[in-house]
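Readers should treat all values here as calculations from the given coordinates under stated rules, not as data from a laboratory. Quick caveat, the model's predicted, so the values are computed rather than measured. Ideal geometry is used to build each Cβ from the backbone, glycine not excepted, and the neighbour counts take in all protein chains shown.
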Amino acid sequence: MNIFRLAGDVSHLVAIIILFLKIWKSKSCAGISGKSQVLFALVFTSRYLDLFTVFISAYNTIMKLVFLVLSYATVYLIYMRFRGSYDSENDSFRVEFLLVPVTGLAFLENYAFTPLEILWTFSIFLEAVAIMPQLFMITKTGEAESITTHYLFFLGLYRALYLANWVWRYHTEGFFDQIAVVSGVVQTIFYCDFFYLYVTRVLRGSGKMSLP
Amino acid sequence: CPLGAEKDEL
C-alpha cells in the first residue's frame with residue numbers, strides 16, 4: 001500500500017458517496033445514467049468474487065463490501081426508489097456495444113483461463129468503459145449539475161492515482177499488472193475531455209457544466 | 001502478472 005493507492009481508494013469512495021448522497025438527498029436521479037451505475041455494480045460483482053476465496057486484509061475486505069453495497073444501493077435508488085425521476089430517454093447508450101466486446105476480450109486476453117480470472121479481466125475491461133453511458137448522457141442533455149461533475153472528477157481521478165500507484169510499485173517492487181495498467185490508461189484517457197471542461201467550466205466558471 | 005491472492009488492489 002502506498003499513498004497513491006490510498007488516495008485513489010479514498011477518491012473512489014468519495015465519488016461513490018457523493019453520487020449516492022446527491023440522489024438520496026435530492027430524491028431525484030435526474031441527469032444520472034442508470035446504465036453506468038448498473039455497469040459499475042457489475043464491475044464490482046465480477047471483480048470481488050474473491051471475497052469468498054482469499055482474505056487479503058481487513059481494509060481490502062471492508063472496502064470491497066462498501067463498494068458493493070453502495071453501488072447496488074445507488075442502482076436501487078435510480079431504478080426503484082426514485083424511478084420517476086429517471087431520465088430513460090436520455091440514458092440511451094447501447095450498453096450491449098460495451099458488454100459484447102469486453103466479454104470477448106476477457107476470453108482472449110487474461111492471465112489464466114479460469115472463471116475467476118476471466119471474470120476479473122472482464123471487470124477490468126468493463127470498468128474502463130462503464131462511464132460511457134454517463135458521458136454520453138451529458139453530451140445529449142448538453143449539461144451536468146455541478147455535483148455530478150464533482151462525482152465524475154473523483155471517479156476519473158481515482159484511476160489516474162492508480163496509474164501513479166502502478167508506476168510507484170513498478171519502481172519499488174517490480175510489480176506490473178499489464179491488463180490493469182493498459183485498461184487503466186484507456187479509462188483515464190476517456191476522462192481527459194471531461195477533466196478539461198471540469199477545470200475550465202466548473203472550477204473557474206459558473207459551477208454548472210454546460211457543453212458547447 | 002498477479003494471480004489470485006496477489007491481487008491486493010480494489
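With the structure loaded, tell me whether A:Phe97 is under 30 Å from A:Lys22 (Cβ atoms), without any contact (Cβ under 8 Å) to a residue 12 or more places away in the chain and not acidic (Asp, Glu) or whether it fails that test.
yes
Which of the helices (runs of 4 or more DSSP H) found entirely inside the range A:89-186 contain at least 2 residues meeting this: surrounded by fewer than 18 Cβ atoms within 10 Å (Cβ to Cβ) and more than 13 Å from chain B (Cβ to nearest Cβ)?
Because the criterion is at least 2 residues that are surrounded by fewer than 18 Cβ atoms within 10 Å (Cβ to Cβ) and more than 13 Å from chain B (Cβ to nearest Cβ), the helices (runs of 4 or more DSSP H) in the range A:89-186 that meet it are A:96-108, A:132-141, A:146-173.
Can you tell me how many residues in the range A:41-60 are within 20 Å of A:Glu117 (Cβ to Cβ) and among the hydroxyl-bearing types (Ser, Thr, Tyr)?
Selection size over the range A:41-60: 4.
Within the range A:23-61, which residues are among the basic types (Lys, Arg) and buried (at least 20 other Cβ atoms within 10 Å of the Cβ)?
A:Lys35, A:Arg47
Can you find even one residue in the range A:187-210 that is within 30 Å of A:Phe122 (Cβ to Cβ) and in a loop (DSSP other than H, G, I, E, B)?
No, that holds for no residue.
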